1. Does any residue in the range 235-258 that is assigned to a loop (DSSP other than H, G, I, E, B) come within less than 8 Å, Cβ to Cβ, of a residue that is of a type in the set (Lys, Arg) six or more places away or on a different chain, and which pairs are these?
2. Assigned by TED's automatic domain parsing to the domain that holds Thr58 and either in a loop (DSSP other than H, G, I, E, B) or free of Cβ contacts under 8 Å to residues at least 24 places away in the same chain (or both), is that true of Tyr121?
3. Can you tell me which residue within the range 145-192, out of those that are in contact (Cβ under 8 Å) with a residue 60 or more places away in the chain and more than 30 Å from Leu28 (Cα to Cα), is surrounded by the most Cβ atoms within 10 Å (Cβ to Cβ)?
4. Hey, which of the strands (runs of 3 or more DSSP E) in the range 11-117, taking only ones fully inside, have at least 2 residues that are touching a helix residue (DSSP H, G or I) at 6+ places or on another chain (Cβ under 8 Å) and in contact (Cβ under 8 Å) with a residue 24 or more places away in the chain?
Amino acid sequence: MFRLSSLIFLLVIPGICGQTWNVKYKNLNICALKGSTTHLSGSYTHPNGLTVTKIFWTTNPVSEKEQTDLSDNPHYKDRIEYFLNKDQIFFLKLSNVTDQDESMYCIKIQTNVKDQRWLGYPCIDLKVTDLRVEIPEEVIEGNSAVLVCKTTCNLGNRANYNWYKNSKPFSGSLSTNELLLQSVSSDDTGNYSCAVTQHEHLPSPAVTLSVRYSPKKVSVSISGSGEIVLFDSVTLTCSSDSNPPVLNYTWFKENETSSVGSGQSYSISNFNSSHSGQFYCVAQNEHGSQRSAAVSVTVAEGKTPVLTVVISAAFLAFMVLMVAIALLIRRKRVSPSEEQNNRGLQHNEKIESPEGTYMTLDPMSRCSDYDTLHNVKRSCSNTGDPEVQEPTYYNTDN
């Protein structure tokens, strides 16, 4: 303990006795929450016959050095207030406490006698703390876990704590700085924080509690429906909820002992009736495994594969086109004379004789020599032929 030259531990004024210098603090160790408002207080007495001219708070007193009033210190400007009640209790109200406020706080008393002053020592040791949540490094489902709201100094036995999960008040809190979670489940996963009662606006930073558990809610989904068109492809996908993530996915077909595939997805190409059946998957991580319910995958009856329909339609269109092209080519190859003869033949077939009978020609009486439409030369040598008479001409000029 140091001794200050200006300290007077006992002052006796002649003719006056009974009163001595004394400063008594309510608490010599105070822990304040960072950002909060704290109160420091102390009572004092002085020898009779002296008049107190000034009383103030100062920090970190040093031997043989004059102490300064905190109200004159820029660091405390607008953050401190002094109060003195009728019982001679002197208060210091310090707002918005910071880490830099950690110090020794003392009451200094000055009187009307220059050399009669007093520094109340030992002083109040003020510590500043914030809150932080400490959780176990690993929490496995089914085990218990203890969360602790930590401080760097003791806020006192009267301090009550509030716990929050995902920023909402946590039910079942016992208002202590420890939160016990019994038989932890995946539902306990979340962000946890704590706060001191009456200082709920100053909570700790949130810390994530991650519960580790084996796969659960394992299920299989099918691309499309359970009925697959013949020769089409199908993909099965396995999903689950687990922490840590699934390490292995294995695929099985009901009534078969060996697996049919691995990986989160299982695909079958050119699906046919031999592939039909019930399939399920097994998801596994380091904490255990779980299988899914089986799903039925079958070939849809009476449904033509889409690819077959497309091929058939394309083939039919191709055949129609080829027939049209063949007819067009054939039509272009027919000569004009053949077309005219064909037309004449059709016309002659409809001509009848005046007597209503068809005329017949004797091949022996045919003659190949013709002159004009008016003169027909007859050079046939057959004597049996009737004589061809010369045509009679009439003069039409009259």
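1. Pro244/Arg212
2. Yes; evaluated as a whole, the condition is true for this residue.
3. Result: Leu147.
4. 52-59, 89-94
Conditions (1) more than 24 Å from Ile140 (Cα to Cα); (2) surrounded by fewer than 13 Cβ atoms within 10 Å (Cβ to Cβ); (3) at pLDDT 90 or above, marked per residue:
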{"site": "Ser233", "(1), (2), (3)": "yes, no, no"}
{"site": "Ser239", "(1), (2), (3)": "no, no, yes"}
{"site": "Trp251", "(1), (2), (3)": "yes, no, yes"}
{"site": "Gly261", "(1), (2), (3)": "yes, no, yes"}
{"site": "Asn270", "(1), (2), (3)": "yes, yes, no"}
{"site": "Thr298", "(1), (2), (3)": "yes, no, no"}
{"site": "Glu301", "(1), (2), (3)": "yes, yes, no"}
{"site": "Val310", "(1), (2), (3)": "yes, yes, no"}
{"site": "Val320", "(1), (2), (3)": "yes, yes, no"}
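Listed here are the residues, each with its yes/no results for (1) assigned by TED's automatic domain parsing to the domain that holds Ser41; (2) under 14 Å from Thr58 (Cα atoms); (3) of a type in the set (A, V, I, L, M); (4) surrounded by 11 or more Cβ atoms within 10 Å (Cβ to Cβ).
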| residue | (1), (2), (3), (4) |
| --- | --- |
| Tyr76 | yes, yes, no, yes |
| Leu84 | yes, no, yes, yes |
| Asp87 | yes, no, no, no |
| Leu92 | yes, yes, yes, yes |
| Gln100 | yes, no, no, no |
| Gln116 | yes, no, no, yes |
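The values are calculated or read from the model by the stated rules, or taken from the named source; none is laboratory data. All figures in this text were calculated on a predicted structure; none of them were measured in a lab. When we count neighbours, we look across all protein chains shown, and the Cβ atoms used for this are built from the backbone with ideal geometry, even at glycine.
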